[in-house]
Amino acid sequence: MPPMLDLDLLRSFHMIARLGRFRAAAERLNKSPAAISVQVQRLEAVAGGRLFERDNRAVVLTPLGQRLLAGTTELLRVHDRLMDEIQDTGPAGKVRLGVPDEYAGHVIRDILPVIVARWPRVVLEVETAASGVLTDQFRRGRLDMAVIVRPAGGEHDGRYLVATTPVWVAAPALAKALPDILPLALHAADCPYRDAMLEALTSAGRSWRVLLASPSAGAVETCVEAGLALSVVDRSRVTPAMQIVETLPPIGVHQAVVLAHSSDGDDAVGAIGSVLAQHFRL
């Protein structure tokens, strides 16, 4: 009889691949590092080769490990979805989720379909606004969860998602000949990037004027692409019509986190938080 893939071994393998460390995976799965190592050895015996290259700091997937990861991701998703349907288990209930406008497209396109397919009994209600507004609504109990962006090194509540270093951008013609008084396209009043860009310019003694102030990330980016103003965006949102302006004072590192009201990890809020942590990207 040919060897069979054990789902428990696969889950440990996927967790190691995602976190990059045996110890971190062991802590997340509530297992000892020795038990995780044994599981990897068993899976390598079935796969027919090494799955990770190890050094003192992290582990990296081998070509065989990369193929196994790619080939089993959907397998685990289908298994979990099928078990939920068969057993009529899994998270249920209404969850009010807040997302910053600039990341709404990514969350709606890449993350919400995963949640809807995996947990059909979860009823999502999504609201978009600036991070400051979402934080206030979360603290007032009007949202169950909120993805927000804030300067790194400040508050420590929330589940870390990803770090980002915003950059100054302008259309190429404007970037090559910056005027003495800089025209700005400002984000919403409660967006941390608005405060960061104004503080950076003021500290550097640069003069500026507001050409556009909008809660819409799309409007800000269109204004920049049209050559009308400068602004600050995540590096991943720089388009071919924009140019990074290196001569302006740098903006500090920010981080995206998800705020969630306390849960036992098995309810809808905890489940959605895990999916966000796995799939959210900048």
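Is it the case, given these coordinates, that VAL224 is out of contact with any Ser or Thr (no Cβ under 8 Å at 6 or more places or on another chain), of a type in the set (A, V, I, L, M), surrounded by 15 or more Cβ atoms within 10 Å (Cβ to Cβ) and outside any loop (DSSP other than H, G, I, E, B)? Steps first, please.
Details: out of contact with any Ser or Thr (no Cβ under 8 Å at 6 or more places or on another chain): no; of a type in the set (A, V, I, L, M): yes; surrounded by 15 or more Cβ atoms within 10 Å (Cβ to Cβ): yes; outside any loop (DSSP other than H, G, I, E, B): yes.
No, not satisfied.
Sort out which residues of region 235-263 are outside any loop (DSSP other than H, G, I, E, B) and either buried (at least 17 other Cβ atoms within 10 Å of the Cβ) or not hydroxyl-bearing (Ser, Thr, Tyr) (or both), and write them in order of number.
Going through region 235-263, the residues outside any loop (DSSP other than H, G, I, E, B) turn out to be 235-237, 243-244, 254-260.
Residues satisfying the conditions are ARG235, ARG237, GLN243, ILE244, HIS254, GLN255, ALA256, VAL257, VAL258, LEU259, ALA260.
Listed by position, the helices (runs of 4 or more DSSP H) contained in region 21-138 that have at least 1 residues being within 20 Å of the chain's Cα centre (by Cα) and closer than 30 Å to GLY218 by Cβ are 101-106, 112-118. Among the numbered conditions (1) among the acidic types (Asp, Glu); (2) closer than 23 Å to PHE13 by Cβ; (3) touching a Ser or Thr at 6+ places or on another chain (Cβ under 9 Å), the only one that ASP80 does not meet is (3).
Scanning region 178-192 for residues that are out of contact with any helix residue (DSSP H, G or I) (no Cβ under 6 Å at 6 or more places or on another chain) and modelled with pLDDT of 95 or more turns up LEU178, PRO179, ASP180, ILE181, LEU182, PRO183, LEU184.
The values are calculated or read from the model by the stated rules, or taken from the named source; none is laboratory data. As the structure is a prediction and not an experimental result, all values here were calculated from the model. So basically every Cβ, Gly included, is an ideal-geometry build from the backbone, and we count neighbours across all protein chains shown.
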